[in-house]
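> Structure incoming, see below.
The values are calculated or read from the model by the stated rules, or taken from the named source; none is laboratory data. All values reported here derive from a predicted model rather than from experimental measurement. Note that we place each Cβ from the backbone using ideal geometry, even for glycine, and neighbour counts take in every protein chain shown. Side chains are part of the model used for accessible areas, which takes the heavy atoms of the whole protein and leaves out ligands, DNA and RNA. Shrake-Rupley method; radii C 1.70, N 1.55, O 1.52, S 1.80 Å.
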Amino acid sequence: MGKKLLFKHIDVPGIKDFTVYRSKNGYEAVEKALKTMSPDEVQEEVKKSGLRGRGGAGFPAGMKWSFLDRKSDKPRYLVCNADESEPGTFKDRYLIEHIPHLLVEGMILSSYALGANTSYIYVRGEMKTPIKILENAISEAYANGFLGKNILGTSYSLDLYVQPGGGAYICGEETALLESLEGKRGNPRMKPPFPAISGLYGSPTVVNNVETISAVVPIINDGGDAYAQIGIGKSTGTKLISACGNINKPGVYEIELGLPVEEFIFSDEYCGGIWKNKRLKAVVPGGSSVPILPAELILKTLQGEPRLMSYESLSDGGFASGSMLGSGGFIVFDEDACIVRNTWNFSRFYHHESCGQCSPCREGTGWMEKVLHRIENGHGNERDIDLLVEVAKKIEGNTICPLGDAAAWPVASAIRHFREEFEWHIREPKESMKRNYGIREKSILGA
Amino acid sequence: MKESSNLSFSEQSLQKVKEILSRYPQGKEKSALLPLLHMAEAEFGGWLSPEVMDYVATILNIQPIEVYEVATFYSMFNLKPTGKYVLEVCRTGPCCLRGAENLLDKIEEKLGIKVGETSADGLFTLKTVECLASCGTAPMMQVGDKYYENLNEENIETVLQSFRNN
Ligand SMILES: Cc1cc2nc3c(=O)[nH]c(=O)nc-3n(C[C@H](O)[C@H](O)[C@H](O)COP(=O)(O)O)c2cc1C
Ligand code: SF4
Ligand code: FES
């Protein structure tokens, strides 16, 4: 059993309630920080922990905090990103539904470190139950003196609010999220300036993911060094992985970073293997935006090293033979899954979610969707595959926000690793409408 | 600004509106737009008519166009009337890996409507939505506040029947 930091008490009955949470050492980190530590000391522990952003990009949290413009005389804001809409990702919702006070406690600690007196948790609007649970936890925290004026009798005050979104994947991108929080359309902003200089209402702002902020709680309780001891190399601590697709045990698992991918997929403690006794075909390891890898490359790197669940190991080989840890949305495909159909589905998603501000993204995602749709439906022609590669290339790196890249990578990687499957769809349109392409024999692995 | 119609939130909702407005710094009340649109949709029949949007504009003291451009951007807002139950079936990749497409076909067949349509009795509107962060319990759909998870071609009938019996 790996070490649990965020989910240590997740199975305790009633842990959603303040009193139960409190009885399990809840809010002790807040007491410790506010009574015995300066904001800078809190930030220092987070730096020492090596904690990296859990929203997808993996940027070191302590470093991001240190960029906050502390000379500005404007108020500072902490905004929690609970927009969770990356396909395959469902860890933040799970955390909020099961242990909401952990996030509230993390928000208090992080806001204190940053010197923010008003903070917002931007939750995707569809998550109506999690919003209610979170609002209830926040009012319990107010009632018990952990939020509001002069928390625990100290000079520190904090107001914390939940802000619902309106259903738009793009609002997970941090500057689009800030626009949305200001009551506007979710159009990403040009950077620079970065939010740390000019974010919400033009004020210095830090945006962090739910899991990142929650991880500050064990970091303050046990110290940054203790956190850094867990995990592997620069992938410190634990990570929530939401596993889905064709596995026996979909769900959210807290793993120690560095766990072998093979163990994660096949052991009963985690995914429990591929469902219906089928074979593993491919995995998208970090949410729909990251490159897909065929079975042989997700289990082992090109050099034959076992692939590990860590930032470094999953990206080993770059995009030629690696992928990314991303948000931890782990999507597993069995031998009967159609790669072309899934790639089309993802392209449709990105086209639907493009905010339309930049033409490479707006037009390119539309083209990719269209071409993939015709290949999948038996009307593809030979030039289509190269056309897709070309369009993906033209989008990548040429847009205001990373949604463009996020749309291009799944297409480029699917063609890189499963080109024969695309070719077969074009060559055998009738056959491909009837049955699935299956699996290359060299990828027979598993069970 | 347009002449305000005689629409109004209930007394209780107006209190809530006040509380919501107090969450933002002075002069930044436009931030309340999304929360208010959600409230308005819930209170005024499940969709945002132009009158409702104009009313929200007057509360926030902003131009109606600022409300329209936001309401049309976000997929959650209904800009036309819907059936009593809006079935929002997830159609994104991970749900499809576990049978979302067949499920959708089954629902269309059982209700006799296509995606985007409302049943003749006004009971159901069928919509598709993108990943609702519930891929581990796929396939799934949202109806109102609630997620219906681990659906399949068999148990969907029970779920639909529970709405009909309501
Ligand atoms: C299109 C797009 C969607 C994103 N969606 C999310 C999201 O749902 N949740 C999230 O935390 N970060 C999301 N991100 C990343 C955020 O922009 C940002 O990097 C993150 O919230 C920072 O938090 P972290 O440093 O704690 O990871 C998204 C980025 C892009 C480009
Ligand atoms: S890359 Fe796409 S989503 Fe991002 S700003 Fe440009 S058009 Fe909008
Ligand atoms: S793909 Fe349907 S909930 Fe995520």
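> Looking at B:ALA32, B:ALA71, B:ALA42, B:ALA57 in this structure, which one is at negative phi, more than 9 Å from chain A (Cβ to nearest Cβ) and open to solvent by less than 20 Å² (accessible area, probe 1.4 Å)? Spell out how you get there, then give the answer.
Working: B:ALA32 fails: more than 9 Å from chain A (Cβ to nearest Cβ); B:ALA71 fails: more than 9 Å from chain A (Cβ to nearest Cβ); B:ALA42 fails: open to solvent by less than 20 Å² (accessible area, probe 1.4 Å).
Result: B:ALA57 is the single residue among B:ALA32, B:ALA71, B:ALA42, B:ALA57 that is at negative phi, more than 9 Å from chain A (Cβ to nearest Cβ) and open to solvent by less than 20 Å² (accessible area, probe 1.4 Å).
> Here's a follow-up. May I ask you to list the residues in region A:170-198 that are of a type outside the set (S, T, N, Q), more than 10 Å from chain B (Cβ to nearest Cβ) and part of a loop (DSSP other than H, G, I, E, B)?
Once the filter is applied, which keeps residues that are of a type outside the set (S, T, N, Q), more than 10 Å from chain B (Cβ to nearest Cβ) and part of a loop (DSSP other than H, G, I, E, B), region A:170-198 yields A:GLU173, A:PRO188, A:ARG189, A:MET190, A:LYS191, A:PRO192, A:PRO193, A:PHE194, A:PRO195, A:ALA196, A:ILE197.
> Taking the condition more than 16 Å from ligand 3 (Cβ to nearest atom) and farther than 20 Å from B:GLU43 by Cβ, does B:GLU130 pass?
On the way: more than 16 Å from ligand 3 (Cβ to nearest atom): no; farther than 20 Å from B:GLU43 by Cβ: yes.
Answer is no for this residue.
> Looking only at residues that are open to solvent by 20 Å² or more (accessible area, probe 1.4 Å) and within 16 Å of ligand 1 (Cβ to nearest atom) in region A:402-435, which one is farthest from A:HIS379 (Cα to Cα)?
Within region A:402-435, the match that is farthest from A:HIS379 (Cα to Cα) is A:PRO402.
> Now, a different point. So in region B:93-103, with the set limited to residues that are under 13 Å from B:GLU154 (Cα atoms) and surrounded by fewer than 22 Cβ atoms within 10 Å (Cβ to Cβ), which one is nearest to the other protein chains (Cβ to nearest Cβ)?
Only one residue tops the list, namely B:GLY99.
> Sticking with this one: Go through (1) surrounded by 15 or more Cβ atoms within 10 Å (Cβ to Cβ); (2) within 14 Å of chain A (Cβ to nearest Cβ) and name the single condition B:ILE65 misses.
(1)
> Okay, next question. If you go through region A:13-52 one residue at a time, how many are of a type in the set (D, E, K, R) and closer than 15 Å to A:ILE151 by Cα? Write out each step before concluding.
Within region A:13-52, the subset of a type in the set (D, E, K, R) is A:16-17, A:22, A:24, A:28, A:31-32, A:35, A:40-41, A:44-45, A:47-48, A:52.
Cutting the leftovers down to closer than 15 Å to A:ILE151 by Cα gives us A:28, A:31-32, A:35.
The number of residues fulfilling the criteria is 4.
> Quick check on this structure: which one of B:CYS90, B:CYS96 is in contact with an Asp or Glu (Cβ under 8 Å, 6 or more places away or on another chain) and near ligand 3 (Cβ under 9 Å from one of its atoms)?
Numbers: B:CYS96 fails: in contact with an Asp or Glu (Cβ under 8 Å, 6 or more places away or on another chain).
Going through B:CYS90, B:CYS96 in turn, the sole match is B:CYS90.
> Another one. Condition first: exposed (fewer than 13 other Cβ atoms within 10 Å of the Cβ), more than 10 Å from chain A (Cβ to nearest Cβ) and either among the aromatic types (Phe, Trp, Tyr) or assigned to a loop (DSSP other than H, G, I, E, B) (or both). Now tell me which residues in region B:9-29 satisfy that.
Answer for region B:9-29, where residues must be exposed (fewer than 13 other Cβ atoms within 10 Å of the Cβ), more than 10 Å from chain A (Cβ to nearest Cβ) and either among the aromatic types (Phe, Trp, Tyr) or assigned to a loop (DSSP other than H, G, I, E, B) (or both): B:SER10, B:GLN26.
> Further question on the same structure: Taking the condition open to solvent by 10 Å² or more (accessible area, probe 1.4 Å) and within 14 Å of chain B (Cβ to nearest Cβ), does A:GLY231 pass? Explain how you work it out, then say what you get.
Numbers: open to solvent by 10 Å² or more (accessible area, probe 1.4 Å): yes; within 14 Å of chain B (Cβ to nearest Cβ): no.
Answer is no for this residue.
> A further question follows. Residues that are in contact with a Cys (Cβ under 7 Å, 6 or more places away or on another chain): which helices (runs of 4 or more DSSP H) entirely in region A:354-433 hold 2 or more of them?
Values: elements: A:359-376, A:384-395, A:403-427.
Filter on region A:354-433 gives A:403-427.
> If we scan region A:223-243, do we find a residue that is under 13 Å from A:VAL46 (Cβ atoms) and either of a type in the set (S, T, N, Q) or within 13 Å of ligand 1 (Cβ to nearest atom) (or both)?
There is at least one residue in region A:223-243 that is under 13 Å from A:VAL46 (Cβ atoms) and either of a type in the set (S, T, N, Q) or within 13 Å of ligand 1 (Cβ to nearest atom) (or both).
> For the subset of region A:305-326 comprising residues that are open to solvent by 10 Å² or more (accessible area, probe 1.4 Å) and assigned to a loop (DSSP other than H, G, I, E, B), which member is nearest to A:GLU376 (Cα to Cα)?
A:MET324
> Okay, moving on. Taking B:GLU69, is it in a helix (DSSP H, G or I), over 23 Å from A:TYR169 (Cβ atoms) and at pLDDT 95 or above?
On the way: in a helix (DSSP H, G or I): yes; over 23 Å from A:TYR169 (Cβ atoms): no; at pLDDT 95 or above: yes.
No, not satisfied.
> Right, something else. Checking A:TYR201 against (1) open to solvent by 30 Å² or more (accessible area, probe 1.4 Å); (2) assigned to a helix (DSSP H, G or I); (3) facing another protein chain (nearest Cβ under 9 Å); (4) within 30 Å of A:VAL284 (Cβ to Cβ), which single condition isn't satisfied?
Condition (4) is where A:TYR201 drops out.
> I need a count of the residues in region A:331-363 that are open to solvent by less than 20 Å² (accessible area, probe 1.4 Å) and away from ligand 1 (no atom under 16 Å from the Cβ).
9
> Are any residues in region A:53-66 closer than 20 Å to A:TYR253 by Cα and surrounded by fewer than 24 Cβ atoms within 10 Å (Cβ to Cβ), and if so, which ones?
A:GLY53, A:ALA57, A:GLY58
> From the list A:ASN246, A:ASN221, A:ASN150, pick out the single residue that is facing chain B (nearest Cβ under 9 Å) and out of contact with any Gly (no Cβ under 8 Å at 6 or more places or on another chain). Even if it seems obvious, please write down each step before you answer.
On the way: A:ASN221 fails: facing chain B (nearest Cβ under 9 Å); A:ASN150 fails: facing chain B (nearest Cβ under 9 Å).
A:ASN246 is the lone residue from the list that is facing chain B (nearest Cβ under 9 Å) and out of contact with any Gly (no Cβ under 8 Å at 6 or more places or on another chain).
> Given the structure, is A:ILE232 modelled with pLDDT of 95 or more, within 18 Å of A:ASP336 (Cα to Cα), more than 19 Å from the chain's Cα centre (by Cα) and of a type in the set (Val, Ile, Thr)?
Judged against the criteria, A:ILE232 is not a match.
> Away from chain B (no Cβ under 14 Å), within 16 Å of ligand 2 (Cβ to nearest atom) and free of Cβ contacts under 8 Å to residues at least 60 places away in the same chain: which single residue out of A:GLY318, A:GLY364, A:GLY304 fits that description?
Working: A:GLY318 fails: within 16 Å of ligand 2 (Cβ to nearest atom); A:GLY304 fails: within 16 Å of ligand 2 (Cβ to nearest atom).
One residue alone meets the criteria, A:GLY364.
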